[in-house]
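The values are calculated or read from the model by the stated rules, or taken from the named source; none is laboratory data. This structure is a prediction, so every number in the text was calculated from the model and none was measured. Every residue, glycine as well, gets a Cβ built from its backbone with ideal geometry; the counts of neighbours run over all protein chains shown.
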Ligand code: AMP
């Protein structure tokens, strides 16, 4: 595995791989690798001859009061995990090389980025989309693998790839969870052991919503009320938002229609740690009432 820090060198390397007809897959992360990231790398390894892993804690997608400075950066451990996962190139630039003097052009994301994470974290999606676009240009990847864990991020990226005719194939993989249902996340290390136990309420909320939908409940307000009650059962949980959206368009809906996939979205503070999670909701086929 080769470690590259310089964007120009990474881009030159990618170009020579392309000239040698290598299929390139990229996995973009902020490091502090865990099972979720390894799941993305496994698919990358299966799909392409060359795997590029990027590790970059992107300052432009963090708000002023967010955890940019304390975000974990265990680089040596990450590099060892990347090597074991079969990564060919580990691209780990610093912020100065990614945003050199005079940098001023940004991706301006649209409607899909306005609600939920976008509303709670102003500027987050523009910063995220900008760095994803840069990493796609630098890695020259044919395929990019993302996790459904960040479902709105994925929707924003898919929209950008279509809108800008980028041509990279986007592959999404399901959420990797711990045994008790908590989605693996670099931020889970912030949780105390008590908070870690309470953090399972996000997944329990998703399971409760699925149960209600399986029983035929279709009013999203009622489903969200029940999910809220489950989450509030944890004493240190504070809900940032809950929502149910069309899984493709991310549009909100009052009623679940049959033959449509929806996504329950959750952002919850457990103490001072903000966690996000989501899950697909699949309404029952409508009962067809025979004509009298
Ligand atoms: P991050 O390092 O948190 O920015 O995440 C990098 C990529 O890994 C994104 O595509 C995430 O959606 C994905 N990812 C993070 N956690 C998980 C998880 N638990 N399951 C699946 N994918 C994940």
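Going through region 113-124 one residue at a time, which ones are away from the ligand (no atom under 13 Å from the Cβ), touching a residue at least 60 places away in the same chain (Cβ under 8 Å) and either farther than 24 Å from residue 277 by Cβ or surrounded by 21 or more Cβ atoms within 10 Å (Cβ to Cβ) (or both)?
Residue satisfying the conditions is 116 alone.
If you go through region 229-246, how many residues are touching a helix residue (DSSP H, G or I) at 6+ places or on another chain (Cβ under 8 Å) and within 21 Å of residue 109 (Cβ to Cβ)?
Final tally of qualifying residues: 3.
Six or more apart or on different chains, Cβ atoms under 8 Å: show the pairs whose first residue is in region 161-189 and on the phi > 0 side of the Ramachandran plot and whose second is surrounded by fewer than 16 Cβ atoms within 10 Å (Cβ to Cβ).
Once the first residue is on the phi > 0 side of the Ramachandran plot and sits in region 161-189, its partners that are surrounded by fewer than 16 Cβ atoms within 10 Å (Cβ to Cβ) give 181/207.
State whether one or more residues within region 179-187 are at pLDDT 95 or above, over 16 Å from the mean Cα position of the chain (by Cα) and within 12 Å of the ligand (Cβ to nearest atom).
yes
How many of the residues making up region 247-278 are farther than 26 Å from residue 63 by Cβ and surrounded by 15 or more Cβ atoms within 10 Å (Cβ to Cβ)?
Residues that pass the stated criteria total 4.
Can you pull out the residues in region 162-172 that are more than 10 Å from the chain's Cα centre (by Cα) and within 14 Å of the ligand (Cβ to nearest atom)?
Passing the criteria: 168, 170, 171.
Just wondering, is there one or more residues in region 136-156 that are free of Cβ contacts under 8 Å to residues at least 24 places away in the same chain, within 14 Å of the ligand (Cβ to nearest atom) and assigned to a helix (DSSP H, G or I)?
For region 136-156, residues free of Cβ contacts under 8 Å to residues at least 24 places away in the same chain, within 14 Å of the ligand (Cβ to nearest atom) and assigned to a helix (DSSP H, G or I): present.
Could you tell me whether residue 216 is out of contact with any helix residue (DSSP H, G or I) (no Cβ under 9 Å at 6 or more places or on another chain) and either part of a loop (DSSP other than H, G, I, E, B) or without any contact (Cβ under 8 Å) to a residue 40 or more places away in the chain (or both)?
It is true that residue 216 is out of contact with any helix residue (DSSP H, G or I) (no Cβ under 9 Å at 6 or more places or on another chain) and either part of a loop (DSSP other than H, G, I, E, B) or without any contact (Cβ under 8 Å) to a residue 40 or more places away in the chain (or both).
Can you confirm whether residue 82 is crowded, with 17+ Cβ neighbours inside 10 Å and away from the ligand (no atom under 14 Å from the Cβ)?
no
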